[in-house]
Every structure is written in C-alpha cells, then in structure tokens.
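The next block holds one structure in the form of structure tokens; read it before the comments.
Each value in this text was obtained by applying a stated rule to the coordinates, not by laboratory testing. All values reported here derive from a predicted model rather than from experimental measurement. Heads up, the Cβs are rebuilt from the backbone with ideal geometry, glycines too, and the neighbour counts pull from every protein chain shown.
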Amino acid sequence: LLQLKDKYVVIMGVANSRSIAWGVARSLHEAGAKLIFTYRKERSLKKLNKLLEEQGVQAELVLPCDVNEDESIEQTFKQIGEEVGSIYGVVHSIAFAHAEDLKGDFIDTSRSGFAYAQDTSAYSLVAVTKAARPLMTEGGAILAMSYLGAERVVGGYNVMGVAKASLEASVKYLASEVGQSGIRVNAISAGAIRTLSAKGVGSFNTILHEIEEKSPLRKNVTQEEVGDMSMAMLSHLSRGVTGEIVYVDSGYNILG
Ligand code: 0WD
C-alpha cells in the first residue's frame, strides 16, 4: 500500500530524539524505507548515532550537510548518488533564525537576520530540490516542515513566520516545475512540538496551551503523528497530491 519498502529516503534535520525528523525517520523505518541521514553539527551526529543504536534503526548512510553552503549540499547529494544511485524521497526538516531576531518586535528584524532565516529555512529547500532531482530518476516525493505562522501572525514567531511563508510558496513553485519528472513537493504544517528549535520561540508555552484548550482535538500533536502523516505524504497513498500544505495540528488552523 505504501510502496516505501527498500526505497532510499534522505532525512535532513535530526538534532536529537525530540526532532520532528526523528519521528519521520521512525515511521519510515517501520514502512521499510532505507534511510540516509544528514546532520549539521557534530553534536547532532553523536546524538543521531546514539539514537540509531538505541532504537534499532539502521542508517544506510550518515553524511554532513550544511544547507547554508551550496558546495556542502552538492557534495552531499553527489556522494549519495555515488553510494546508492537513485533515491526516492527527501525530508527537509530544517529551519534557523538568530535568537535575537526571535525576540522583541518583528519591525526590528535586522537585514542580515532576515536574510539568514530565509536562506536557512526557505532557500535551502530550493537548493536541496535542485541537488536531489537528478537522483530521483524514478520520481518520488520531497517534504518540508512548515508552521501556521507562515500565514497568520503568531506572536513571537516573527522572522520565522516570514521564512515559512517563503518556504510554502517555494513548495508550490518547485512542485510546478518538478512534477513533470514525477516528483511531488509538499509541506506539512505541524502543530507546536517541544523540540530544540522550539526553545527559540518565546511564546511557545502559550501556543502549546492554546492548542490544548481550543483545537478541535483538544490536544497537542505528537512527533509520531507528524511522522505518520509524513510517511503518508511520501508514500504511494498521496501519489495524486503535490504543491500542498497539509496540516497536522489537531485542527487548530480551522479556527477563526
Ligand atoms: O513546534 C515545532 N517544533 C515545529 C517545528 C512546528 C512546525 C514546524 N516545525 C519545523 C521547524 O521550523 C523545522 O523546519 O520543523 C522542522 C524541524 O524542527 P524541529 O524538529 O523542531 O527542530 P530541531 O530538532 O531543533 O532540529 C532542527 C535542525 C538542526 O539541528 P542542529 O542542532 O544540528 O543544528 O535543523 C537543522 C539541524 O539539524 N539545521 C540545519 N541543518 C543543516 N544546515 C541548519 C543548516 N544550516 N540549520 C538548522
């Protein structure tokens, strides 16, 4: 049904056991996919290796990739091509903004902080898609992670909201171009989950509380819920879906 068994999927953005990307990795592992991980910091590599061992998940490859550097992206995907040949999927679970740009007012965002958030959190999807496309010889799916702050003002999300708006628009433009090669590009707009990155968002606890109180399902989403939907969005089940932003947020986004 899923048709993910033995397919190579590249997962970018596991920093630790709480990372959304780790939830995706576990779901994909259960579906029998062959996993390739990329990491940025050495600290993340250590954590990733420990996680893989503890949870009995096998990695086909683990490679460094800094999405702020074109050369790093090219080198990583070149190596993936040399080692495994063709890949089927890519999970982009990466975002970053400087802490000072997530504090205070959006109007005070610095030019360089704005550019850095865009570069790391949105342009990176464009560059990754370009590098992955030649390896996706039999088509496949690319998935990014977004958040409601892309389309609505969520207090404290500031520069990252604008970066996510750019990410979501990039998903659509990319989908329109690579669709002819049988490649789908989608994003999941996830509800708030307590992770390392989430610590940078000052209003995070308020957001969690609000979702629990008001969302249709009256609960916050889990890493497993996002992982399972990601699996569906990468699988044969979603073969007719591209350029879409799919909400995994207990229904919170439907509220006015
Ligand atoms: O509530 C949340 N946690 C939500 C997160 C709600 C909705 C969406 N998201 C999004 C995030 O914006 C991001 O796009 O999900 C994605 C993953 O976020 P996460 O799981 O919350 O974050 P985390 O576990 O902190 O991992 C983020 C990782 C970084 O970890 P390290 O410590 O190695 O920097 O993003 C990666 C990195 O793995 N990352 C980069 N990777 C390559 N190059 C870079 C970079 N320049 N910058 C960050």
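Among the listed pairs 7/199; 78/172; 7/103; 5/214; 5/219, those whose Cα-Cα separation exceeds 30 Å are 7/199; 7/103; 5/214; 5/219.
Sort the stretch 85-231 into rounded, prolate or oblate with this rule: let a ≥ b ≥ c be the square roots of the eigenvalues of the Cα gyration tensor; rounded if a/c is under 1.5, and if a/c is not under 1.5, prolate when a/b is larger than b/c, oblate otherwise. It comes out oblate by the Cα gyration axes. Normalised by residue number, the volume inside the convex hull of the Cα atoms of the stretch 197-256 is 117 Å³ per residue. Think of the stretch 4-146 as having a plus end and a minus end, set by charges on the Cβ of Lys, Arg, Asp and Glu; of 131, 91, 19, 19 sits farthest toward the positive end of this dipole. If you run the Gaussian network model on the chain, springs between alpha carbon atoms under 10 Å, then out of 42, 168, 225 the most flexible one is 42. Using the rule -39500 (n - 2.57) for each DSSP H run of four or more residues, divided by the residues of the chain, the 222 nm mean residue ellipticity is -12500 deg cm²/dmol. Result for the chain in a Gaussian network model with C-alpha springs under 10 Å: among 17, 230, 238, the largest mean-square fluctuation is at 238. Under a model in which nothing but the beta-carbon of Lys, Arg (+1) and Asp, Glu (-1) is charged, the stretch 43-167 shows a dipole of about 280 debye around its Cα centre.
Between 153, 55, 104, the Cα set farthest toward the positive side of the dipole of the stretch 42-156 (charges on each charged residue's Cβ, about the Cα centre) is that of 153. Charge dipole of the chain (Cα centre as origin; +1 on each Lys and Arg Cβ, -1 on each Asp and Glu Cβ, all else neutral): 340 debye, rounded to the nearest 20. For residue 26, the shell of other residues with beta-carbons less than 15 Å away shows a net charge of -2, using +1 for Lys and Arg and -1 for Asp and Glu.
Between the C-alpha center of the stretch 110-153 and that of the stretch 162-223 there is a gap of 12 Å.
Rounded to the nearest 20 debye, the dipole magnitude of the stretch 1-78 is 340 debye, with +1 charges on Lys and Arg beta carbons, -1 on Asp and Glu beta carbons, and the Cα centre as origin. Cα axis of helix 204-214 to longest principal axis of the chain: angle in degrees, 0 to 90, nearest 10? That helix lies at roughly 90 degrees to the long axis.
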